[in-house]
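Each remark here refers to the structure printed beneath this line.
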Amino acid sequence: MSQVRNQFVRQMARKILAESKVKSPPVDLLQILSTHGIAYEEVEDFPDTVDALIVEDGPKIYAAVNARQHPHRRRFSLAHELGHYFMHRDGMPEEPITIDNPPSDDLGAATKSPAEIEADLFAGELLVPLEMLKPHVQKGIPELSKLFLVSEQVISIAISRHMKALYK
């Protein structure tokens, strides 16, 4: 099974922000989509089980989110799908199967795949990048949630993930 590539994910999120010239919170996801030629749509009639998706139709690329979700949820779901788009279009790198690394089929149903973990990590890094969080870290979690337009849970995870860098 492949491993989660934490450093690669962080670098990819920074690269996308730089390419899109996004420098301050809240991260402008529409600017990122525009920079990368991705059309955006909010869909009212998505099933409740679909938060967001990105579809390639020939040369055209569409990102769609479930319009009935909370705005913070829509932002995180879109950022998650962007993670898949930018990092997993060609699939996850797999470790070769050898006698020392046999295939494993004992992944529990509740276990997230490395690709899903990476997409979640990418979403957090994209929406609450360390460099944008640093100047505001003295604010409370509710205020940071409003500033970054993400849930308090996303802010809490970002702070805990970057604890050493924030509180040197």
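The values are calculated or read from the model by the stated rules, or taken from the named source; none is laboratory data. No experiment lies behind these values; they were computed from the predicted model shown. Note that each Cβ is placed from the backbone with ideal geometry, even for glycine, and that neighbours are counted across all protein chains shown.
Quick notes
- Number of the condition not met by THR49 [criteria: (1) touching a residue at least 40 places away in the same chain (Cβ under 8 Å); (2) more than 13 Å from the chain's Cα centre (by Cα)]: (1)
Conditions (1) closer than 15 Å to HIS80 by Cα; (2) without any contact (Cβ under 8 Å) to a residue 40 or more places away in the chain, marked per residue:
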| residue | (1), (2) |
| --- | --- |
| VAL9 | yes, no |
| ALA13 | yes, no |
| ALA18 | no, yes |
| PRO25 | no, no |
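- Tally of residues being of a type outside the set (D, E, K, R), part of a loop (DSSP other than H, G, I, E, B) and loosely packed, with under 15 Cβ neighbours inside 10 Å across the range 35-54: 4
- Scan of the range 46-74 for residues that are within 16 Å of SER34 (Cα to Cα) and of a type in the set (Gly, Ala, Ser), ordered by number: ALA63, ALA64
- Residues that are without any contact (Cβ under 8 Å) to a residue 24 or more places away in the chain and of a type in the set (Gly, Ala, Ser), drawn from the range 105-164: GLY108, ALA109, ALA110, SER113, GLY140, SER156, SER160
- Among the residues making up the range 1-34, a single one is of a type in the set (Gly, Ala, Ser), outside any loop (DSSP other than H, G, I, E, B) and farther than 21 Å from HIS162 by Cβ: SER34.
- LYS112 modelled with pLDDT of 95 or more and surrounded by fewer than 19 Cβ atoms within 10 Å (Cβ to Cβ): no
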